[in-house]
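Reading through the structure tokens given below for one structure.
The values are calculated or read from the model by the stated rules, or taken from the named source; none is laboratory data. None of the values given here were measured: they were computed from a predicted structure. With ideal geometry, Cβ positions are generated from the backbone for all residues, glycine too; neighbour counts draw on all protein chains shown.
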Amino acid sequence: MAENNENHVYSAINKVMRDIGIEGIAKDNKVEFGATKFKFRGIDDIYNALSPIIAKNDLVIVSRCIERECVERTTGKGIVFYVTVKMEFDLISSIDGSKHTAVMYGEAMDSGDKATNKAMSAAYKYMAMQVFCIPTEGDNDADATVHEVKQENEKRGFDINKHKARIISHLKEGKNHDAIIALMKKNGISLSAKDIVDIKKIEVEQ
């Protein structure tokens, strides 16, 4: 039975939050780096877990891209497309049509025609994680780490070239840049925004 509520969308969002909190999202992806082993959730895990819960709670999500920026960068193997998108996601109640709009940015890099698709998927993933309060492991609070990362980078004198061979090895094992970045952070290596871009460039060049 539908609630007598002009803003049913917020009731639906609350129910999705409740259900995802009970059922959770399994960490089926595994990463191994020396003695360090852990699991993580990918974009497909988010889609697969949320889809039936969203439908069950009379919620519809409609997305649209309102801004897109594409920058071409040249590497040793050709041109790389670095795409940033600004997405709006309408969370709509199928009961009364009330809606809430969430805005999220997504970034991705690809040497072919998939950069925009990847950026849109990233925006959806992080919108869902924040709107529905999906728990993750690790420290995702930029305000809590930005100053520490800067001091750590200055202290350790991080050099991407010293890590390049190991990064390439992990890429050949099938790991993507997200998994490699997570591994390095697990091993106490703080990465600046430039370091992360350099790791993505190495991935594209392989």
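Among the residues of the stretch 100-111, is there at least one that is modelled with pLDDT under 95, in a strand (DSSP E or B) and of a type in the set (Asp, Glu)? Yes, the stretch 100-111 contains at least one residue that is modelled with pLDDT under 95, in a strand (DSSP E or B) and of a type in the set (Asp, Glu). From the list LYS86, LYS56, the one residue that fits, being surrounded by fewer than 17 Cβ atoms within 10 Å (Cβ to Cβ) and under 16 Å from SER121 (Cα atoms), is LYS86. Considering the stretch 120-166, and only residues there that are surrounded by 15 or more Cβ atoms within 10 Å (Cβ to Cβ) and at pLDDT below 80, the residue that is nearest to VAL83 (Cα to Cα) turns out to be ILE160.
Table: residues versus (1) in contact with a helix residue (DSSP H, G or I) (Cβ under 9 Å, 6 or more places away or on another chain); (2) outside the structural domain of MET109 (by TED's automatic domain parsing); (3) in a helix (DSSP H, G or I).
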| position | (1), (2), (3) |
| --- | --- |
| ALA165 | no, yes, yes |
| HIS170 | yes, yes, yes |
| GLY174 | no, yes, no |
| ILE181 | yes, yes, yes |
| ILE196 | yes, yes, yes |
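Applying the condition of being within 20 Å of MET104 (Cβ to Cβ) and of a type in the set (Lys, Arg) to the stretch 22-65 and asking which residue is modelled with the lowest pLDDT yields ARG41.
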